[in-house]
Amino acid sequence: MPAGRLSVCATPIGNLGDVTLRVLDALRAADIVAAEDTRVTRRLFARYGIDTALEPYHAHNMEKRTPILVERIAAGTHVALVSDAGTPGVSDPGARLVDACIAAGLTVEVLPGPSAIVTALVASGLPTHAFYFGGFLPRKAGERKARLARLSELEATLIFYESPRRTAATLSALAEALPGRSACMARELTKIHEEVLRGRIEELATALAEREGELKGEVVILVGPPPRVRASEADPDEVRKRVEELIAGGKSRSDAVRAVAEEHGISRKDAYRIAHEP
Ligand code: SAM
């Protein structure tokens, strides 16, 4: 392994005990540690008696700092990269530096460890055989709705990061777009106030609406895959009645078909066919 390299180091998402021995060694051995927030990383350093030089590397200085770090690595410097929590590069600054190092032909090693995605997925109890990480959903209602419509047919557990302030609104948008699904809200994972709520998406949306404005900490929202039943098991009269009901209630035909497909656990194509059968 060349002396000049980038070590991407995963750090705890809450509990400082969740750091790996290999990450501690790399943080001690590196010439510099590029950190998203040096104050946050100092807490980790204090706990483990590390005194490697820290330099800020975050969303607001990464354009300027990336070429400088690449140049130093090329000249033989060992740079370790950490973010505030979890794996750098996952919804965090880091991907840009990794990409620039690869483009410059430099050595990049990733030291695995915690990430809120996998921790929340396993804690949720939802299917893990296939999952989709969607980062933070768009804040604009129209964009969010379009994104969720595209994701509604995906046979995978959906995982989103969210801020506590927007959790209630996002759950309500998810309940509207993906009715009847199993879901989970995981908050403050690995911390003292860890909370994992599981249930139907509508139940979670109602429960969190009651706590609007009070929710604190860090949140992951998960939605299970569409429950699949054979179209022949769905009652065609029920499907047709429900589509007409939703249209009468103000939904467009395509939104109504999508909602009914979700409710009955059939594909949108089958719901459309049944709803339009003579
Ligand atoms: N790089 C990190 C990782 O690998 O998990 C994620 C960074 S992203 C900027 C921060 C988001 O991750 C938070 O808004 C929250 O959605 C999620 N997150 C981080 N720590 C968490 C925790 N302890 N419990 C729940 N969610 C967490």
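The values are calculated or read from the model by the stated rules, or taken from the named source; none is laboratory data. Note that the structure is a prediction, hence the values are computed from the model and not measured. When we count neighbours, we look across all protein chains shown, and the Cβ atoms used for this are built from the backbone with ideal geometry, even at glycine. Heavy atoms of the whole protein, side chains included, go into the accessibility calculation; ligands, DNA and RNA do not. Shrake-Rupley method; radii C 1.70, N 1.55, O 1.52, S 1.80 Å.
Can you give me the % of accessible surface on the range 5-114 that is carbon or sulfur? Probe 1.4 Å, all protein chains present, nothing else counted.
Working: 2660 of 5060 Å².
That share works out to 52 percent.
Ordering Lys269, Lys145, Lys216 by how much accessible area each has at a 1.4 Å probe, largest first, what is the list? Please report the intermediate quantities before stating the final value.
Details: Lys269 165, Lys145 115, Lys216 145 Å².
Output order, biggest surface exposure first: Lys269, Lys216, Lys145.
Nearest 20 debye, what's the magnitude of the dipole of the range 5-114 about its Cα centre given +1 on Lys and Arg Cβ and -1 on Asp and Glu Cβ?
Details: 11 positive and 13 negative charges, 35 e Å.
Its charge dipole is roughly 160 debye.
In this Cβ point-charge picture (+1 for Lys and Arg, -1 for Asp and Glu), the chain has a dipole of about 380 debye about its Cα centre.
List the relative contact order of the chain as a percent without decimals, with contacts defined as Cα pairs under 8 Å and 6+ residues apart. If you can, show how the numbers build up before the last one.
Numbers: 508 pairs, mean separation 47.2, N = 278.
Reported relative contact order: 17 percent.
Helix 236-248 axis versus longest C-alpha principal axis of the chain: approximately 80°, rounded to the nearest ten. Placing His60, His264, His129 in order of accessible area, with the largest value first and a 1.4 Å probe, yields His60, His129, His264.
Ligands, DNA and RNA aside, Glu143 has an accessible area near 100 Å² when probed at 1.4 Å.
Using a 1.4 Å probe, what is the accessible area per residue for the range 72-144, in Å²?
Numbers: 3370 Å² over 73 residues.
The answer is 46 Å² per residue.
In the chain, the longest principal axis of the Cα atoms and the axis of helix 167-177 are about 40 degrees apart. Taking the protein heavy atoms of the range 231-275 in the context of the full set of protein chains, the accessible area attributed to carbon and sulfur is 49 percent at 1.4 Å. The angle separating the long axis of helix 253-264 from the principal Cα axis of greatest extent in the chain is about 80 degrees.
Given the DSSP H assignment, sum -39500 (n - 2.57) over each helix run of at least 4 residues in the chain and divide by its residue total; what's the result at 222 nm in deg cm²/dmol, nearest 500?
Values: 11 runs with 115 residues, N = 278.
For the chain, the value works out to -12500 deg cm²/dmol.
Placing unit charges on each Cβ (+1 for Lys and Arg, -1 for Asp and Glu) gives the chain a dipole about its Cα centre, and among Asn15, Ala146, Ala234 the Cα reaching farthest toward its positive end belongs to Ala146. Charging the Cβ of each Asp and Glu at -1 and of each Lys and Arg at +1, and nothing else, the dipole of the range 117-223 about its Cα centre rounds to 320 debye. Beta bridges assigned by DSSP with both partners in the chain are antiparallel in approximately 45 percent of cases.
Dipole of the chain (Lys/Arg Cβ +1, Asp/Glu Cβ -1, origin at the Cα centre): which of Gly199, Ala29, Tyr57 lies farthest to the positive side? Farthest towards the positive pole: Tyr57.
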